Each structure stands twice: as C-alpha cells, then as structure tokens.
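S.K.: I am attaching a structure below and will ask some questions about it afterwards.
The values are calculated or read from the model by the stated rules, or taken from the named source; none is laboratory data. Please read all numbers here as calculations on a predicted model, not as lab measurements. All Cβ positions, glycine included, derive from the backbone under ideal geometry; neighbour counts span all protein chains shown. Accessible surface is based on the protein model in full, side chains and every heavy atom, while ligands, DNA and RNA are left aside. Shrake-Rupley method; radii C 1.70, N 1.55, O 1.52, S 1.80 Å.
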Amino acid sequence: MDWTRYRFRTQWSLPAKPAAVYDVLERAEEYPRWWPQVREVRRLDDTSGLVTIRAVLPYDLVFTAREVRRDRTAGVLEIAMTGDLDGWACWTITADGDGSLAHYDQVTEVHKPLLRRFAVPGRPIFLANHRLMMRAGRRGLTAYLEAV
C-alpha cells in the first residue's frame, strides 16, 4: 500500500437547485468566502489557479489546480492538481428533490515532505483532518446558498 496516496469520496445534500450549486462551485476563487479551510485561490490564467488550504492541523497545502472538465449540462467540474498534492478532484452535481447532491471524488498523492515523513502513523489523523474540512465546507456552502 502507498501510504501517501488517498482516495476521498464525499456527498453533500444541499438546499438549492443543481444550477445554483454548479454556479457557486465553478467560481473557485470565491471558495474562501464560504469555505474557511480554503485560505486562498489565486487565479493564474483562465483555466488554472494556485490554491492554499489549511484544515485543523497546523500546515498549509499549496497546489496548482488546472481545469480538466467543465460541463454544466452534466454538472461536472474536474481539476488536475500538482504541488503539495498531485492528482485530481471532481464535483458532480445532481438533482435531489427540491435540492441537490454534490458528489466529490478525489484521488491524490501527497508530496509535502512533512506529510510523507509521517504517512504511516499520521494517516488516521490526516483522514480525520480531511473529514473535518469537508464537513465545514458543506456547512459553509449550505449557509452561502441560503443567503443568496
């Protein structure tokens, strides 16, 4: 097993139509407004940006996100990541009654030296850190969607 490789799957139930959720999720540079752990998204060009995240643990992860797929009709937003994280992440937004489901899939390998050094003993803590970040993101996005 490669202890520096992670696969995450998360599903958020959200109180807005898929088009509204898609509109918010496609504007990555605005994530810090509603997702506290996304500290900064700095646009580099039309299809890429530099992202800094920090969840509960006291370290930043910095990576370049490059758009791979943007398909409003299918509700899909996919990026490739390089830097402290190397891999891909994808949102798929679908209808769910009066609201939406936002499915998040991510496969990544960690390149940050500190995380690689503590890959085996730290794995449960790193996984918990990710879960807390995703929970906060769902709460933030829900509040943001209800306010607009």
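S.K.: Is it possible to state the helix-based mean residue ellipticity at 222 nm for the chain, with each DSSP H run of 4+ residues giving -39500 (n - 2.57), the sum divided by total residues, to the nearest 500 deg cm²/dmol? What is it?
M.R.: Numbers: 4 runs with 46 residues, N = 148.
Calculated at 222 nm, the ellipticity per residue is -9500 deg cm²/dmol.
S.K.: Next question. Sorted by accessible area (1.4 Å probe), largest first, how do ARG5, ARG54 line up?
M.R.: Working: ARG5 120, ARG54 75 Å².
In descending accessible area the options line up as ARG5, ARG54.
S.K.: Can you work out the accessible area per residue across segment 103-148, with the rest of the protein chains kept in place, probe 1.4 Å, in square angstrom? Could you put the intermediate results ahead of the total?
M.R.: Working: 2510 Å² over 46 residues.
Normalised by residue count, the accessible surface of segment 103-148 is 55 Å².
S.K.: Taking N as the number of residues in the chain, what is its alpha-carbon radius of gyration divided by 2.2 N^0.38 Å? Please list the in-between numbers first.
M.R.: Values: Rg = 15.1 Å, N = 148, 2.2 N^0.38 = 14.7 Å.
Output field value: 1.03.
S.K.: Given a 1.4 Å probe and every protein chain left where it sits, what share in percent of the accessible area of the chain is carbon and sulfur?
M.R.: Numbers: 4260 of 8010 Å².
The C+S portion of the solvent-accessible surface of the chain is 53 percent.
S.K.: Are there GluC sites (Glu not before Pro) in segment 1-61 that DSSP puts in a loop and that have at most 15 other Cβ atoms within 10 Å, and which ones?
M.R.: Working: sites: GLU26, GLU29, GLU30, GLU40; in loops: GLU26.
Filter output for segment 1-61: GLU26.
S.K.: Just read off the accessible area of VAL120 with the full protein assembly in place, 1.4 Å probe, to the nearest 10 Å².
M.R.: 90 Å²
S.K.: Could you give each residue of segment 9-23 its phi-based ³J(HN,Hα) in whole Hz, using Karplus coefficients 6.51, -1.76, 1.60 with θ = phi - 60°, and x for Gly or Pro?
M.R.: 9, 9, 10, 10, 8, 10, x, 8, 5, x, 4, 5, 5, 4, 4
S.K.: Compute the longest continuous run of the chain that contains no exposed chymotrypsin sites (Phe, Trp or Tyr not before Pro); treat a site as exposed when its DSSP state is not H, G, I, E or B and it has at most 16 other Cβ atoms within 10 Å.
M.R.: Looking at the chain, 60-117 is the longest stretch - no exposed chymotrypsin sites (Phe, Trp or Tyr not before Pro) with at most 16 other Cβ atoms within 10 Å.
S.K.: Ok, one more. Can you compute 3J(HN,Hα) from phi for each residue in segment 110-122, using the Karplus curve 6.51 cos²θ - 1.76 cosθ + 1.60 with θ = phi - 60°, rounded to whole Hz and x for Gly and Pro?
M.R.: Coupling constants for segment 110-122: 8, 10, 4, x, 4, 6, 5, 4, 9, 4, 6, x, x Hz.
S.K.: On the full set of protein chains, 1.4 Å probe, figure out the accessible area of ILE125 and give it in Å² to the nearest 10.
M.R.: Its accessible surface works out to 90 Å², give or take rounding.
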